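One structure is given here, and the rest of the page talks about it.
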Amino acid sequence: MVTIYYVMIVSVLYFVIMLFSFRNIKDIFRRAKYSTYNTLSGSELVPSVSLLVPAFNEELTIAENVRCLMTLNYPTYEVIVINDGSSDETLKVLIEEYGLTLLPNPQIRGKISTNKVRGIYYNPQYPQLYVIDKENGGKADSLNAGINLSRYPLISSIDADSLLEKDALIRMARMYMENPEETVAIGGDVRIANGCVIENGEVKDVSLPRRMWPMFQSIEYMKAFLGGRIGWSHLNGLIIVSGAFGLFRKDYVIAVGGYRGGYPGEDMNIIIKLHRYMLENKIKYRVAFCPEAVCWTQAPDSYNILSNQRKRWGRGNLKNMIENRDMVFNPKYKIMGLLTMPYNVIFEALNPYFRITGLLALLGYVLLDMTNWKVLVVFGLVNFLSGYMLSVGALILEEIAFRRYTKLSDQVKMLLFSALKFVGYHQLGVLWRVQGHIQYLQNNNSWGTMTRQSWKDKKEAA
Amino acid sequence: MFSNLEMAYVFIYVCLGLIAAGIILLFQMKIKHNAEQRDMERFTKKHHDYFMYVQSHLHDDVTLELPPGKLTSAERRVIQAKCMEWIEQFKGDAREKLLQLCRDAGFVEEDIRALSSLRKDRRIEAVYRLGGMRAEEAVPQLQELMNRTKYGPMTIIIARAIAKSALQSQQIREMLAKLLSYDKAIHHMAADILLETRLDSASLMRKLLDDPDPGLVKISLVAMWGQAIPAFVPTLDRLVGSEEKDVRAEAVKLYLSSNPSLKDDTIAQLMNDHEWEVRAAAAKALGSLHAAGSIPLLASALKDENWHVRNNSAESLAMLGEQGFETLCQAALTGEGPARETALYRIEQIMSKEGEHEQVEQMVAFNKRKLVYDRYFGLQTSKRIGTVAGVGGDYTA
């Protein structure tokens, strides 16, 4: 019965967090609908931003993604693409596309240590674009190299396989300008682009993915971002700002030593470090979430790529929890110490073990006395219904504030996949997380395979 | 065990109930939203001719009216939204005509009534529309609503509506003071809101610059976007000596952008200010002022701890003829650390423009610099100077 209670407690906690999301969703809708961006997007009053785009073997998508980033509705910004020792033609594609040449004496202002920078490329015709070519060192290392070159007080990390909506950055900046002294980081909403029509680096027509794996992820992201992060940010207990799209105060990122290299989960790690720094130094702060700032990303569409990604996430999460174990149940760290970190350890990192051991115990119990088969059914139902209820909640949040998927058939499809998720996909998620933990214990720190498709192919394949 | 299972049953029933209610709500919302969307499109199409009529008479001497016949509430919303879109686009008589149309049609009155609605949704929607319709008669109620609202995105929406609608500078002042009272350092956002005003911005800015509240002074300085109007220069001159560091930094930036004639001791004082923003603004201004006497100050500022100050100093030195360029070359050859890097970078930028000069004067100036360059670095312009810079380390940028 302990397992059933565990599942019920997790669900109730999820539910409470989701209630906070519901409490805020109307304000988010009003903010998105009634805030005007036309004056802001042409105004010198908006803070300047350096967009950092780490790229590793992105030859198929990089040109289109950079084109998308160069045409944002934002007054002053620079795009710094960091080629992290790609073994494909990523650098060549960029050099040819933008006519870049090697800068003989580039000004590198920062001194966060990174792997060797081989050169910085630039073309005065595209004054806001810089390309750093460096030896392979991982995503965190690339972001640090970008910080070293960046000129502006705000930095934004963006995955090279993602497309920003034109207003995404200005929406984040507006949120930042509402409280610039206390805001240290703002996360954006990440959505799955598989299935959407992409033209000239822009999502023209929003549709759900046609393939199974991206479809499951689409539901999963919606639940995590709308159901979870809005609520957590309301409590100022957000533990992660997605690496795919986030905005940060550069001075604070530098104050915490930049991104931690050598391990996945750098996006969660930087946020934990920021919380720790601000709380230890007793500086009033907030880590905010801006769901109306949307970034569209290519989701893995094959079993292998997806499993590698999830194992990496599992590894990164465990590493972050172990590294910051002193924060757990430590009142010095307020909401982070008393709620977010314990929640992440007990209900995220250790979740698979509770569920697996519980299930095995129940199976054993039922096998010993077959008259108790009901307990097993109840366990299954509690698991399924509590999860499904939260998915339905996330769909309602989406409908209240964003309404990106207009067709009724989309709604039916999302409800169907929200249910199907519990037959196989959910269990695989548990397995991948355990495998990630095993890799961590084995010191296996490989990135795994990750292949990209060009946005054009994607359109045909999705 | 029985009671435990019972608890689980209750949990299951609760979940089932919530799921069923959620799915019903979801479909009900989707159907309603889609129907609203269809209505909007249908009415936009239906009133296409009316919109053409309004557009073609915006500059004529006729009073605009609503289309004949009874209009549904959704139709009124479509017409109001179109009017608000045009109000943003047009100025002068055309805008006034549209504003009058909104009043005559009762849109303003309706939305003023909605400000007292119990529904927050309705109130905020009304605030937004009243701002869009520049409803000066709604300002007192908007102010009252702002005073009752806890700080957040809604405050900004209300503040913007007041800025758009107010016809008295005192109302704008009160709105800005209220924004500052939240103590959130939102001067840039407030400046952006201030720029929405219909009032004469020059006289409004002058009033704010003379205000005893330094926060309001800073908002007006920020709102000027680095473009000083000559009439403000005496006030700026006074504010350059302000004890409020933010006000002083903003005032110096503006003051120097007006190309004033500066005394040597003023230049020295500004270049030694403890605020980097002041030093950076002074360093930037010295180049365009062609104050050759300031070369030693700029050379020393190449070693400043702040990147902006170093960069602006190098930029200004590059603008100060051969003498300035030679100072850069000296710093590149004999200097060290960040000063050397900054100088090298600037020199490279200048030398890379060989062959890009079309005017004779530019060519002559470039050739003079090239001679200086060759003197310092030899006749190998196509090669890189020294090794790749990039060991510097400050994050002041």
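Rule-based calculations on the coordinates, nothing more; no lab input. All values derive from a computational prediction rather than experimental measurement. Cβ sites come from the backbone with ideal geometry, for glycine too, and all protein chains shown count toward neighbours.
For this structure, a couple of remarks:
- In segment B:78-187, a dipole from Cβ-located charges (positive for Lys and Arg, negative for Asp and Glu) runs towards its positive end, and of B:G92, B:L167, B:T149 it is B:T149 whose Cα lies farthest in that direction.
- Relative contact order, whole percent, for chain B stands at 7, derived from Cα pairs under 8 Å and 6 or more residues apart.
- Cross-link reach list, aspartates and glutamates versus B:K120, counting only Cα pairs under 14 Å and skipping chain neighbours closer than eight places: A:D27, B:D111
- Basic side chains Lys and Arg get +1 at the Cβ, acidic Asp and Glu get -1 at the Cβ, and with that the dipole of segment A:161-285 about its Cα centre reaches some 260 debye.
- For chain A, leaving out every one of the chymotrypsin sites (Phe, Trp or Tyr not before Pro) that falls in a DSSP loop and has at most 13 other Cβ atoms within 10 Å, the longest unbroken run is A:1-328.
- Out-of-range pairs (alpha-carbon distance over 21 Å; input A:K92/A:K116; B:K32/B:K150; A:K166/B:K82; B:K91/B:K164; A:K166/A:K421): B:K32/B:K150; A:K166/B:K82; A:K166/A:K421
- A:D88 versus B:Q349: modelled label distance in nm, points set 7 Å from Cα along the beta carbon direction: 3.5
- In a DSSP loop and with at most 14 other Cβ atoms within 10 Å, the trypsin sites (Lys or Arg not before Pro) in segment B:102-174 are B:R119, B:K150.
- Evaluated over segment B:237-383, the count of Lys pairs having alpha-carbon atoms less than 29 Å apart is 22 (only pairs 8 or more residues apart or interchain).
- A:L350/A:Y152 FRET efficiency (R0 41 Å; Cβ-Cβ; nearest 0.05): 0.50
- Shielding by partners for peptide B:180-193, expressed as the average number of C-beta atoms from other protein chains within 10 Å of each residue's C-beta, is 4.
- Residues of type lysines that A:K334 reaches as a straight line, Cα spacing below 18 Å, ignoring anything fewer than 8 places off in the same chain: A:K273, A:K282, A:K284
- Remark: spin-label model distance A:K116-B:E305 equals 3.4 nm, labels positioned 7 Å along the Cα→Cβ axis.
- Here the protein assembly as shown is treated with +1 on each Lys and Arg Cβ and -1 on each Asp and Glu Cβ, and its dipole about the Cα centre works out to around 2300 debye.
- FRET efficiency for B:S117 and A:L416, using Cβ-Cβ distance with R0 set to 41 Å, rounded to 0.05: 0.60
- Computed from backbone phi, the HN-Hα couplings of segment B:8-20 come to 5, 4, 4, 4, 4, 5, 4, 4, 4, x, 5, 5, 4 Hz, rounded to whole numbers (Karplus: 6.51 cos²θ - 1.76 cosθ + 1.60, θ = phi - 60°; Gly and Pro given as x).
- Label-reachable residues, segment B:230-248, where backbone N falls under 15 Å from a point 7 Å from B:E275's Cα toward its Cβ: B:236-248
- Cβ-Cβ FRET estimate between A:T39 and A:F329, R0 fixed at 41 Å, reported to 0.05: 0.30
- Packing here is the average count of other Cβ atoms within 10 Å per residue, and on that basis the peptides A:194-207, A:63-76, highest first, run A:63-76, A:194-207.
- Nonlocal amide H pairs with A:E59, under 5 Å, H built at 1.01 Å: A:E89, A:T90
- Since only B:H290, B:Q269, B:Y376 are under comparison, the one whose Cα sits farthest along the positive direction of the charge dipole of segment B:237-383, derived from C-beta charges on Lys, Arg, Asp and Glu, is B:Y376.
- In percent, rounded to a whole number, the relative contact order of segment B:237-383 is 16, using alpha-carbon pairs under 8 Å and six or more apart.
- With both labels modelled 7 Å from their Cα along Cα-to-Cβ, the A:D205 to B:R103 distance reads 4.7 nm.
- Segment B:93-145, relative contact order [Cα under 8 Å, separation at least 6], %: 32
- The angle between the Cα long axis of helix B:92-104 and the longest principal axis of the Cα atoms of chain B comes to about 20 degrees, rounded to the nearest 10.
- Fraction of antiparallel bridges per DSSP, segment A:50-165 only, in percent to nearest 5: 30
- Averaged over the residues of peptide A:23-33, the number of Cβ atoms from other protein chains lying within 10 Å of each residue's Cβ is 3.
- Of the trypsin sites (Lys or Arg not before Pro) found in segment B:193-247, the ones in coil according to DSSP and having at most 15 other Cβ atoms within 10 Å of their Cβ are B:R198.
- Among beta bridges from DSSP that stay inside the protein assembly as shown, the antiparallel ones total about 45%.
- This model, with +1 at the C-beta of Lys and Arg and -1 at the C-beta of Asp and Glu, gives chain B a dipole about its Cα centre of some 1000 debye.
- Projecting the Cα atoms of A:V93, A:A55, A:N105 onto the dipole axis of segment A:49-175, where Lys and Arg carry +1 and Asp and Glu carry -1 at the beta carbon, places A:N105 farthest toward the positive end.
- Considering only beta bridges that DSSP places wholly inside chain A, some 45 percent are antiparallel.
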